[in-house]
Each structure stands twice: as structure tokens, then as C-alpha cells.
Amino acid sequence: MGLSDVLNAARDAMAAQTFGITVTGQNVSNVNTPGYVRRQALLETRDMGPNSFGGVQAAGIQRVADRFVNQRHLALTGQSGEASTRDQLLGQAEALFNDFGGTGLGTSLNALFSSFSAVAASPTDLTTRSAVLQNAQSFSEQVRTASTQLQNFRTDLFSQARELTGQVNAKLDSVAELSGRINQAHATGEEAADLEDKRDAALVELGGMVEIHTYTDGNGQLVVQGPGVTLMQGEVARHLSIDIGDDGKLKVLANNVNGTSSSGNDITAHLTAGQLSGVLTVRDHDVVDMQSDLDAFAFNVAGQINSVHAAGFGLDGSGGRPLFALGGTQAGAAASLNLNAALKDHPELLGASSSPGELPGNATQATALAKLGSTPIAALGDLDPGQAYARIVGSVGQRKADAAATLDTRQAMTAQVEAMRQSISGVSLDEEMVSLSKFQRAFQAASRVFTTADQMLEELLNTVGR
Amino acid sequence: MRIADNMRFDTVQRSLSALRSRQATLTGQISSGSRIGAPSDDPAAASRLTRIAAQSARTADYRSTISTVRSDLELSEAGLAQASDLMVRAKELALQGSNGSLTADDRRMLANEVETIQKQFLSTANTRGSRGFLFSGNLTNKAALDDSGNYLGDSSEHEVEISPGVTTSVSVTGAEAFTSAGGADAYATLSALRTALESNDAEGAAHTLTDLETSRAQIVRTQAKTGLIMNRLDSADEALSTTALELDRRRSTLGDVDPFSALSELNQLSTTLQQAIAVARTTLGTGNNDTF
């Protein structure tokens, strides 16, 4: 052990502290970088066995992250993604049944019954009779529009699901590509922290779209497990594709690894979190339920009105005419509801009278039509038309309110775990300030050691060299 | 707990955005006066409000039906009152005509007056209302009496629903007021009187007195019936107006913003927001400037 060893040790020390300052600088620079995980400089003694001179070396940098917190974050991101998509989409669906903004389906339903009642009071007034036809027309238009818009909404959601699937696939590709580069870096002993940051960020984005969890296999390689299927393993990603089933519902399929799609890998039932699941739930549950509620409402209300109206007689003395053109089945009734074309512009044909012999003053049938407004319909759960519509409004509102409440809860939970993640992996400038001083002091001390050793050496040379 | 820098910003941002969002909701509610802007704001209340809207509409329908048929009833009552006056006058003429001291010329003059009464009677019986001829039953497109006094209408009455589940007849027919179906045929009796007077038949004129009285009583009875129906309509309308008020009160309780509590919450919120901003300023302002 000689003076030159001291010089070597001081050199190593200065190099190591400089490395520490570099890492601190990197942390400070990235304080606001999304997805950045703070680094720690790993310093260790230079191990040279019996010849050790107590040197230090930078062994590399470490990303400070907690795998379990990250897993939890990933899971909650998926749940939040699902809830936020559902909340947003149901908000759009709700607008179709929102009578509180002014005119809506409920308003035109009430107007229709009001006009029946007006005809019951003045059966001979053609203007009053025309009002029934107008109101029946606008009621059927509103029902049709709501039905069409729900159907269009489902079509939109299909496109949205397809788009999301495309994004999922692109993200999977980029995760696979990053994994490849990370594995390569590890193999050659290079630093891969930046790449891992990028991959983690990509995984969070992926987790928002589709439910995933990740683990590291025996070879130290990342495996991305999706809903009921492995989405990525060993740098190979498996793509998702979507299809429409025979029942009109969306199917999410996992392609084979070679890229071909196979109907055997239907993972639809496994989707529980992520935006894709949100789109699916809204499209194939919520909207389907709304459509069938609307169909039942339209079919039964219009059906009742039709049967009473058909029993009535117009001013021409004949009857048997329904007020609405209505399909024979409940399914699709809302989409096909229309005013009976034979009555259009013919208010005199309105079946207001119960007897062809008591025209035109008899309004018994118009009274019966008006009464339907407060007559319970068995097929609608013994609710009258107004109540049945109110139930639809309530259930649509309840869906949206539930989705909003779920979103609130999940967002709060996500925020909490996000805070935990930040607490572990986020950059604290206070901490970096302390590190900076620490490394700076150590550097100063090392340079003092160097100076001292140098002076000693110089003295020695002067003495010996004389 | 280790506090990373971003956590401080996130916390501040989250609490501020929560406050701002509540503030926006309240402002919206106060400016619209309505607590519910969409069904999801309160699904149960939204559903009940929709039901109340339907009930209110029904209630308004009953009331508008009542007001429509009531105006016809008033016309009927006035018509019947006029008809009974005419019958009273006819009775006076019959009494005069049965007086043995009158000459044939006197009776002819009386007969002329009876003819005028007949014309007035026809025009009264053929009064029009909103459905058409008032006294023709349901055959409202036909005059109740033709020029010879034959009844052309039927005996059906106009029935409407005036409150939930209550259907009632809201018209009287010429059949019950003027024809033998209701007791005596008024116009035929007038014709008989006129014939007796024209043929200078004091006995015959006296003979019509009983029928004239029966007709008058029959008309008055029908007139009283219109009064009863109107009373019934009025009390139904009164009950409906109470229902309408009650429905409106319920709608208001469910759907309206209580301006005082909303405003006071808004004020409170503004204070909280100011405090939060002050805290945020302190939180965000300290630390880093000192160290770096």
C-alpha cells in the first residue's frame, strides 16, 4: 500500500461523487416528467481482495419503485378507465331521456293524452281532432328518434371499440419493442432505466384501456397477462380484434401469436376493467336494456291506444282503424312506430265515437282514449303510460348516477395509490438538495485527500531527490 | 410519508378542481332554479317528477274538459230558461183565449202571437254550442227540431271524464226537454193552441193549458238538471285545483332549488375556495426557492 494507492482512491472517490451529482441532476431535471421514476446512484467499495486500497466505484443506478404498488396502480387504472368510459357514455345516452331541458318524450306523451281529452270535450271540432294527429305524429317521431339514436350510439360504440382495440395493439407492440431493447441492454450490461420508465408508462396507458397485470418470468423477462389471455411474453405481443356476434353483441378475440385471428379465443366474458370493457358494457348491456325498455313502452302504449282507437268510429261512420302503424312484435317496436298513414291529414277519421249511429256528437271512444293515460298496463308492470315512462327516466338516471358514483370511488382510490406511487418513486427536490450537498461535500473531502497525498508525494520527491 | 414534489401539486390541483366543480353545479342550479338538470342528478326524484308532470297534465286535461263543456251547459241553461219563459207566455195567451168574451178577431191576434212564440221556440231549441246543435243529443250536426217541430236528434248524452275515474253526462237532450219522451211535446202543444185560437175555439184553447204546464215543468226540470251538472263540474274543478296545487307543491319540493340554502352554500364555498387558494399559494411557493 503506497501513496499512489491513496491517489487512486481519491480519484475513484471524486469520480463516484461526480456520478452521484449526475444522478441527482438527472432527478432534478425530471421532477415534472410524467412516468419518471427517481434514480439512486449505487456506490460500492471497489473489491480488489487483499490488494484493496479502499476505493469506491459507481455500480450503476437503481430505479426506486415498488412492484406491488405499481401492480395495484395498474389494476386501479383499468378500473378507473372502465368507470370513466361508462360514465361519459351513459351521460350521452341519458341526454336522450332528459325531459328536464324542455321538450322530450314525456312532454309529447302528455300532449297526446291531453289532445284525446280535448276531443272528448269537443268531438266535432276538426282543429281539436287535428291536434290529436299532430301529437300522435310527434310522439311517434320522438320514440323513433330515441330508438334510432340508441341504435346509432351502438354503432358509434362499435367504432370506438375498434379504435380502442387498435390502440391496445399499438401499445402492446411498443411494450414488446421496449421489452426487447431492455432485454438487450441487460444482456450487454447497459443502463436501461430510461427504457423501463417508458415501458412502465406504456403499461399504465395499456392498463387504462384493457385489464392487465404483469410479472417477471424466470428469465427476468416481462410477461403481460391480459383478460384470460397472455398478451405479451418474451417480446412477442398477441393482438386483439373485435367482431360482431350473431346476437349483435361485440366479441373481443385474442389473435393467435402468428397474427391470425381465431374465434376460439373469445375473451369477451373475461373483460372486467379498462375502457374497452366500459365501451362493451354500455353498448351491450346498458343501451340494450334501454332499447328494450323503450320497445316495451312503445309497443304496449301504442298497442293499447290502437285497440281502443280501432273500436271507435270516425265521422265517416266506419271504424277498425288503428291510430299508429306498429310492428307485430315488441322487439323493434320503437324504431317502427308511426302515425297510421290512412289517418294522416284526415282528422275526421279519428275514432272518437263508440257508435256509428251517434255521429258526430258521441265522444265515448275519445274519453276512453284519454282514460288510457291513467290506466295501468299489465305488460308494463301495472304502470300507466306516464308512470312507465317515468320508470325509464329513473332507470336511465340511476345507471348514470351509479356509474358516476363508481367513477368517484375508483378515482379516489386511484388518486390514493397514485400518491403512494409518487411517494415512493417521485422526485423530492428537498431530498435532491440534501443529496447534492452530500455528494459535493464528499467530493470536496476526496479532493482534499488527493491534495494531501499529492503534497506528501511532492515532499517525498523533494527529500529523496536531493 | 415521503412527499414527492408532484404530490403537493396534485393535492392542490385535486382539491381546487373538486371545489370548482361543486361551485359550477351550484351556480347552474341557482341560475336555472332547478335542482335537477338531468335524471342522474337524482334518479328517484327525476322519476317522481316525470310522474308528477304526467299527473299534472291529466289534471289540466280534466279542468280544460270541464271548462269546455261548462260553456255549453251555460248556453243550454240559458236556452231552457228562455224556452220556459215562452211557455209561460203561451199559457197566458191560452188563458186569455179561453175567455168566452173574446171575439174571433181577438183570438186571431192571439194566434199570431203564438206563431211568433213558436218561431222563437224553434230558434231556442236549435241553439248551437261547441259540439254543434245543443239539444240534438249526439246527432249534433242536425237541428233539434225541424220547421214542423219534429225532433231530429237522439236521446244520447255527452259523456266525459271530469276527474280520475269519474265519467259523467254533461249534456241534456231536446228529447227530454221538448218531446213527449220527457212528458209532453211542447211544440205540438203550441201548434194545438194556435189551431184552437185560429179556429176561435175557446174550449180548445183552455184544453191546451194542462199540456202547456206539463211542457213548462218539463223544461224547468231539464234546466234544473243543467244546474246540477254545473254544480257537479264546479265541485270537481275545485277538487282538481287543489290537486293541481298539491302536485305543483310536490314538484317544487322535489325539483326546485331552495335559493337560501343554495346561496349560503355557494357563499361558504367561495370562502373555502379562497382559503384553498391561499393554502395552495403557500404550499407551492415554499421550499424549492429556498433550496435552489
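What follows draws every value from the coordinates through simple rules; no lab data is involved. This structure is a prediction, so every number in the text was calculated from the model and none was measured. Neighbour counts run over all protein chains shown; Cβ positions are idealised from the backbone, glycine included.
Annotations for the structure displayed:
- Dipole check for the protein assembly as shown: with +1 at the C-beta of Lys and Arg, -1 at the C-beta of Asp and Glu, and the Cα centre as origin, the magnitude is about 1540 Debye.
- In nm, spacing of pseudo-spin labels at A:Ser355 and A:Asp5 (7 Å Cα→C-beta vector): 12.8
- Among the DSSP helices (H) of chain A, those spanning at least 18 angstrom by Cα along their long axis with an average Kyte-Doolittle hydropathy of -0.5 or more are A:3-29, A:105-121, A:126-187, A:193-209, A:287-310, A:385-425, A:429-465; this is a geometric and hydropathy rule only.
- Residues A:Val168, A:Val464, arranged from fewest to most other Cβ atoms within 10 angstrom of their Cβ, appear as A:Val464, A:Val168.
- In the protein assembly as shown, one over the average inverse separation of all distinct C-alpha pairs is 34.4 Å, which is the Kirkwood hydrodynamic radius.
- Estimated FRET transfer efficiency (A:Val434, A:Arg46; beta-carbon r; R0 41 Å; 0.05): 0.95
- Between A:Asn32 and A:Ala341, the distance separating the two model label sites (each 7 Å from Cα on the Cα→Cβ line) works out to 6.6 nm.
- Restricting region B:1-62 to trypsin sites (Lys or Arg not before Pro) that sit in a DSSP loop and have at most 15 other Cβ atoms within 10 Å of their own Cβ leaves B:Arg2.
- Charge dipole of chain B about the Cα centre (unit charges at C-beta), most positive-ward option of B:Gly33, B:Ala181, B:Ala196: B:Gly33
- Considering only the Cα atoms of region B:1-79, their convex hull presents on average a projected area of 8.5 nm².
- A simple packing score, the average count of other Cβ atoms within 10 Å per residue, orders the peptides A:326-336, B:165-175 as B:165-175, A:326-336, with the highest score first.
- Selection from B:Gln275, A:His270, A:Phe139, by position along the positive dipole direction of the protein assembly as shown (Cβ): B:Gln275
- For region A:1-102, size of Cβ-based charge dipole, Lys and Arg +1, Asp and Glu -1, in debye: 320
- Distance between the pseudo-spin-label points of B:Asp234 and A:Gln57 (7 Å out from Cα toward the beta carbon): 11.2 nm.
- With the cut-off at under 13 Å, measuring from each backbone N in region B:253-279 to a point 7 Å along the Cα-to-Cβ line of B:Thr25 picks out B:266.
- Length-normalised contact order of chain A in % [C-alpha pairs under 8 Å, at least 6 apart]: 24
- Taking each of A:Lys198/A:Lys400; A:Lys344/B:Lys142; A:Lys371/B:Lys142; A:Lys171/A:Lys251 in turn, the alpha-carbon distance tops 25 angstrom for A:Lys198/A:Lys400; A:Lys344/B:Lys142; A:Lys371/B:Lys142.
- For region A:189-336, diffusion coefficient by Stokes-Einstein and Kirkwood Rh (Cα), 20 °C, 1.002 mPa s, µm²/s: 109
- Ranked from largest, the principal axis spans of the Cα set of region A:295-349 equal 34, 20, 14 Å.
- Value at 222 nm in deg cm²/dmol, rounded to 500, when DSSP H runs of n ≥ 4 in the protein assembly as shown each add -39,500 (n - 2.57): -22500 deg cm²/dmol
- Taking region B:200-238 and a reference point 7 angstrom along Cα→Cβ of B:Asp106, the backbone N atoms nearer than 15 Å belong to B:200-203, B:205-206.
- Charging the Cβ of each Asp and Glu at -1 and of each Lys and Arg at +1, and nothing else, the dipole of region A:143-204 about its Cα centre rounds to 620 debye.
- Residue order, fewest to most beta carbons within 10 Å, for A:Tyr215, B:Tyr151: A:Tyr215, B:Tyr151
- Each of B:Thr68, A:Thr463 has some number of other Cβ atoms within 10 Å of its Cβ, and from fewest to most they run A:Thr463, B:Thr68.
- Lys/Arg +1, Asp/Glu -1 at C-beta; chain A dipole; positive extreme among A:Ser437, A:Leu369, A:Ala331: A:Ser437
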